[in-house]
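Encoded as structure tokens, the structure appears first; notes follow it.
Just so you know, all these numbers are worked out from the coordinates, no wet-lab data involved. Quantities reported herein were computed from a predicted structural model and do not represent experimental measurements. Don't worry about glycine lacking a Cβ; one is built from the backbone with ideal geometry, like all the others, and counts go over all protein chains shown.
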There are 2 protein chains.
Amino acid sequence: MAELTTRNGDPFDRTLFESLLKRRLFYTESFEIYRTSGNLTGDSRGLYDYGPPGCALQSNIVDLWRKHFVLQEDMLELDCTILTPEEVFKTSGHVDKFEDWMCKDLKKGEFLRADHLIETVLEARLKGDKVARGNAVEGDKADGEGKKKKKGPKVNNIKAMKLEDAVVAEYEEVLAKIDNYDGSELGTLIKKYDIRNPDGDAPVSPPVPFNLMFKTTIGPSSASPGYLRPETAQGQFLNFKKLLDYNQNSMPFASASIGKSFRNEISPRSGLLRVREFLMAEIEHFVDPEGGKKHPKFDLVKDLQLSFLNRATQLGGKTTLRKTTIGEAVASKMVDNETLGYFLGRIYTFLLKIGVDTNKVRFRQHMANEMAHYATDCWDAELQTTYGWIECVGCADRSAYDLTVHSKKTKEPLVVRESRREPLRVEEWQIDISKPKLGPLFKKNAKAVEAALIALSPSERESLATTLEKKGVITVTVPEMAEQVEISKDLISIVKRTRIENIREYIPNVIEPSFGIGRIFYSLLEHVYWHRANDPARGVLSFPISVAPTKVLIVPLSTHQDFVPLTKKITEDLRELGISCRADESSASIGKRYARNDELGIPLGITIDFDSVKDGTITLRERDSTKQVRASQEEVFVAIESLINGKEKWEDVFARLPEFLGQSGDE
Amino acid sequence: MAELTTRNGDPFDRTLFESLLKRRLFYTESFEIYRTSGNLTGDSRGLYDYGPPGCALQSNIVDLWRKHFVLQEDMLELDCTILTPEEVFKTSGHVDKFEDWMCKDLKKGEFLRADHLIETVLEARLKGDKVARGNAVEGDKADGEGKKKKKGPKVNNIKAMKLEDAVVAEYEEVLAKIDNYDGSELGTLIKKYDIRNPDGDAPVSPPVPFNLMFKTTIGPSSASPGYLRPETAQGQFLNFKKLLDYNQNSMPFASASIGKSFRNEISPRSGLLRVREFLMAEIEHFVDPEGGKKHPKFDLVKDLQLSFLNRATQLGGKTTLRKTTIGEAVASKMVDNETLGYFLGRIYTFLLKIGVDTNKVRFRQHMANEMAHYATDCWDAELQTTYGWIECVGCADRSAYDLTVHSKKTKEPLVVRESRREPLRVEEWQIDISKPKLGPLFKKNAKAVEAALIALSPSERESLATTLEKKGVITVTVPEMAEQVEISKDLISIVKRTRIENIREYIPNVIEPSFGIGRIFYSLLEHVYWHRANDPARGVLSFPISVAPTKVLIVPLSTHQDFVPLTKKITEDLRELGISCRADESSASIGKRYARNDELGIPLGITIDFDSVKDGTITLRERDSTKQVRASQEEVFVAIESLINGKEKWEDVFARLPEFLGQSGDE
């Protein structure tokens, strides 16, 4: 893997980066004072709290998501419960199938996720090989060192050991296909390559399935098992009928949900990337399966260029990206249909809007075993981080599976009924039965005979019609009687007729874009992080203004009492406008204060100096360029509002307001 | 209880009201298709999904909450996990104490919450008495009928039965104090009044405690029990040290959290009012316990008039409200301190801002047994609904309890350390020990003797100093040795000295306003509901524009093709501005379409007619007055934006734009 760099080309130092995030309380491990004091005996890893800037960033991302999808696409938002009775997840298949493969360290008893174990060990061996060949690059070393998995398999020291070329190729192929193996295949790989727990080198048990849902009991009687949902989707499917009704029976439409989901990960690792409780935003777009799943707004996205990694490439053991337009991807059938393609485009524009680096996004297609058996096609939007390419958004065509299984279980018809524009003329062989004659003849078996006749397929009907015509009698197998009976012409007639169908009934298919907000959150932080020239200690988070946790920093030039009233007034005026701001009245130098707040990614800074107290003018500084303008409070506030609303860019403001070249503290 | 009316004085019809909410999908029971099809065998009641308008209303309430509290008060928002290891809730007391008292129906095995059972039965008897006395009023009947508890105790038919006056007084006193009884007292009441399950009349078991937390297991080993949090508070306490640091060590400050909490209610009832999964918004305001817990912004709320129901009144068996200012309430010590008073004021202004009826808010003080033992004072903001007065916000002074217990458990000092402005001079008796002499004398007991000396209290030190001075020897009890030892003058000296303390260390107290968003949501819906004159079927939800789920309705006069492009353009233009809107292009009459959307509480309506297509002017209608103005699209959009931003009121817009008197459909 090529070395990962920050947006301005410096090597990415994850140690510095993560220390910034924790120091500024973007997030922290939950219950940390219990953990560090040795009060947590069990396995409560994989749980994180978001501090003030993290919390604001998360809620700004969610807010933009809601505007980009729910508002702009007129989706029907739902807020369904996390607690779900067992019956629902039995039907959906989660009770039986929502599991990962788990191995046990035979010495320490530690549990490890089988595919991750293989990945870690083979990657370490490949690195050892590189080192032995003298090919190790700076990035590999950083990668190996930075990857401080808390308790997962540790590969701290890369052992130099040359592998045969064929072995290298084999390992690379296994890694490219790692998501495609089932439990027994993973077991075979573990044996074949003698995979052990790198933390202690003990052998591991063969993989066993482990269900990832958290179980609990609802109500006081303990007779009602329930689960914490592992996704928000099922609540949306269960409400389908009401949503369709709310939407005045009009198709297609989409529902959407934002909320917490839970997965009892076997071995959480990689910080925020594999956690047990996480925020999801999911869309279920219901579409008519007929007519190629066209999308009315497809034209709006068709010219967008995306980087695709398709199924065939991965199965060939490669990870080469193909850059092409969504239009071409759908036309060539690489992406199954327009609706799927449309959402890939909308996902992409959303990611760019919140500040994701366009060069660090790819769309990877699922391999056959990786997809649910009912899915038609599935693509992940992956973001590149120092942990590798991370699946942040899944976009699957789930066919009619979910609605079908719930409908079958509950007998509730989860279907769309539409008047046909043109009535459908169906030519079919109909059987007319003379019940007054059939009854007395077959007595208690009459119903069974009738059922057998009705069950005849169109082609059987057609051939029997000929027989009946020719011989005057036919022979029909009646399963319930376990015998064949003869039925003569006077009992039935089989005739070809045209039936007119005015109503069409169908179960919609579902296209499901599903966003892991926590993973997007972390990847975005990596993408916007850089540091000022030649000073790795001066980290900056260059959030777009729309997602920045705090919009405006207010810094009085000194702690002089004269500045206090104006600082207070500006702070309150901004809050009154609903603009989040933070005053830094400490005695640190102005440059130091700006640097400190660059770490929080505050895009705009207001400086109050002695002139401000005299004439009311203030300066406005832009974080990335460190350029400043000076104007009246009123003018500066107008500029701030239009920057936040997106009506102006900094360049516009900078062009129209006089530049200020005084104390910036940035020189 | 007096009959409850809608905002314009009509009797409140809950059946019509709730049918509106369900029909328009504000909320729905979760997994309904499983329940109605008989697929849910267990007890999964008390779980609700919010549909599109409910979801938008909820998120607008949360948004205003965030602006009113987090932004305006500069609070530090946190997002902590729901999953919490058992150790944390052991320390907080929830594992041992977070329980309700539960009785079992001895025939049907059904579980009932003891206090609710008593309440229901006594209230029914009091109603029966009223009916017998011929005092029953319309409201009582409606109350009894409307109270369709899903599966809880049923009191559908009021049995007329006169009670003695003394019994009536006794019942009323019990009901006023119902929150003040513990389990054994509830048991006594059940025996004394022969309380049975009204649903079947079977006797019930004595009350037993039932813990309300949902339990689960974290990680694959099943050795780590965990709970779903029943409140968001603990996560905030555990992060106290980091928050203080983030706040640059400055006090007071507050943290805030918005998120789901879970309580395994014994017998959920009353729709959204007693549920098992709910959204909370909680503030923990950390304050110095010294100096009377003043609040710097108290002046801003001190003149607000609130309706108070204090502890003494309730213990006297009454529910009379006392209307007075917050300033007076704090001055008279009815409300314990300024900070508590400040938050009661902020809670009140928040409730009014979202549209709560000022005549249906009261602040009820907790009685002694109702409060946690460590709490200094606690007030609930209660909202009046057809279910009675509902606790929607709690506001408690929790003293230093939480930080103290977590600090003790983890040994992490959850304290504030402040430089004293003036160093504190402490006069104290210090003991100087000559260790070189003490050691050889007491050998292995030397440490124990030393500890016993250090443990002496100030008054003991003082009196022993005199003894030592007089007799040259003192006698000290050494607990570890279980004996007394003599210590002579050459081993120690006890002298009065002045110590200078530059640093003050203290554990902050916590004032905790805690909002049940679901209860506020439901009560608000009752408060804004009314119907057009003489037409109970024409329900209106008069949300303030800021919380209305959808802001603008767009109605073309007819389904004529000419209207389609303009309807589409206006819809898209509004969405581009981030304004939620809904076009109703159905063929129903314009009056019918407005009526339909009054039910969704859409405050503004745009009508597109033939003139619109010609000259681009459109009309803007206000929901409550049904008045309309007519202007260009641009002017109307400016008006809409300023109405939403709160820069103008409808009266302002109506005064400056020309009124339109054409088809309103409202006549």
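Worth pointing out:
- Proximal charge balance of B:Gly292 [Cβ under 14 Å; K/R count +1, D/E count -1]: -3
- Cα centroid of the range A:517-580 to Cα centroid of the range B:229-284, whole Å: 27
- Segment A:Lys318-A:Ser37, extension gain: residue separation times 0.36 nm, minus the distance between their alpha carbons: 96.5 nm
- Here the spin labels are modelled as points 7 Å beyond Cα on the Cα-Cβ line, and at B:Ser586 and B:Ala537 they lie 1.4 nm apart.
- The convex hull of the Cα atoms of the range A:550-656, projected and averaged over all directions, covers 6.0 nm².
- Neighbour counting of Cβ atoms within 10 Å sorts the residues A:Leu304, A:Leu414, fewest neighbours leading, into A:Leu304, A:Leu414.
- Copy-to-copy label distances for A:Leu16, where each label lies 7 Å from Cα along Cα-to-Cβ, are 6.9 nm in order of increasing length.
- P(r) tail, the range A:194-346: Cα-Cα pairs separated by more than 23 Å, 64% of all pairs.
- Potential lengthening of the chain between B:Asp194 and B:Glu391 amounts to 68.1 nm, from the contour at 0.36 nm per residue minus the alpha-carbon distance.
- Estimated FRET transfer efficiency (A:Lys647, A:Val168; beta-carbon r; R0 60 Å; 0.05): 0.65
- Antiparallel DSSP beta bridges within the protein assembly as shown, as percent of all bridges there, nearest 5: 90
- Amide H contacts of A:Phe660: A:Gln628, A:Val629, A:Arg630, each under 5 Å away and 5 or more positions distant or on a separate chain (H built 1.01 Å from N in the peptide plane; Pro and chain starts excluded).
- Exceeding the 18 Å Cα-Cα cut-off - candidates B:Lys90/B:Lys408; B:Lys435/B:Lys489; B:Lys127/B:Lys162; B:Lys90/B:Lys215; B:Lys293/B:Lys323: B:Lys293/B:Lys323
- With Cα atoms, 0 to 90° folded angle of helix A:563-576 axis to chain A main axis: 10
- Couplings 3J(HN,Hα) of the range A:400-416, computed from phi: 9, 3, 5, 4, 5, 5, 5, 5, 4, 5, 9, 6, 8, x, 8, 10, 9 Hz, in residue order, whole Hz [Karplus 6.51 cos²θ - 1.76 cosθ + 1.60, θ = phi - 60°; x for Gly and Pro].
- For the rotational copy pair B/A, the chain B residue whose Cβ lies nearest the symmetry axis, together with its distance in Å, is B:Thr216, 2.
- Calculated label separations, A:Asn369, copies of the chain, 7 Å along the beta-carbon direction, nm: 6.4
- Direction-averaged projected area, Cα convex hull, the protein assembly as shown: 68.3 nm², rounded to one decimal.
- Percent of Cα pairs in the range B:464-533 per distance bin of 10 Å, from zero to the largest separation: 13, 18, 13, 14, 8, 8, 11, 9, 4, 1.
- Phi-based couplings in Hz for the range B:504-515 (Karplus 6.51, -1.76, 1.60; Gly and Pro marked x): 10, 10, 8, 8, x, 8, 10, 9, 10, x, 10, 9
- Footprinting exposure proxy for B:Met481, B:Met334 (fewest neighbouring C-beta atoms within 10 Å first): B:Met481, B:Met334
- Our Cα-only numbers for the range A:1-113 put the radius of gyration and Dmax at 20.5, 56 Å.
- Virtual spin-label span in nm between A:Arg420 and A:Glu328, 7 Å along Cα→Cβ: 4.1
- Position A:Lys318, label points 7 Å along Cα→Cβ, spacing to each other copy in nm (shortest first, one decimal): 8.8
- Here the 3J(HN,Hα) profile of the range A:418-432, calculated from phi with Karplus coefficients 6.51, -1.76 and 1.60 at θ = phi - 60°, is 10, 5, 6, 4, 10, x, 8, 9, 10, 8, 8, 8, 9, 9, 9 Hz, Gly and Pro shown as x.
- On the basis of the beta-carbon distance and an R0 of 25 Å, A:Ala451 and A:Lys471 show a calculated FRET efficiency of 0.60.
- Footprinting exposure proxy for A:Thr349, A:Thr571, A:Thr410 (fewest neighbouring C-beta atoms within 10 Å first): A:Thr349, A:Thr571, A:Thr410
- The share of alpha-carbon pairs in the range A:383-443 lying farther apart than 17 Å comes to 76%.
- Sorting the Cα pairs of the range B:419-506 by distance into bins of 5 Å, from 0 upward, gives 3, 13, 22, 22, 15, 10, 8, 6, 2, 0 percent per bin.
- Across the range B:226-266, counting alpha-carbon atoms alone, Rg and Dmax equal 13.2, 44 Å.
- Two-decimal log10 I(q)/I(0) for the range B:618-667, as the Debye equation yields it once each C-alpha is a single scatterer, q = 0.22 Å⁻¹: -0.75
- Principal semi-axes in Å for the range B:342-437 [√(5λ), Cα gyration tensor, largest first]: 46, 17, 12
- Rounded FRET efficiency, nearest 0.05, which uses the C-beta distance separating B:Thr358 from B:Arg133 and R0 of 45 Å: 0.85
- For chain B: relative contact order, % (alpha-carbon pairs under 8 angstrom, 6 or more apart): 13
- Directionally averaged shadow of chain B, computed from the convex hull of its alpha-carbon atoms, nm²: 41.1
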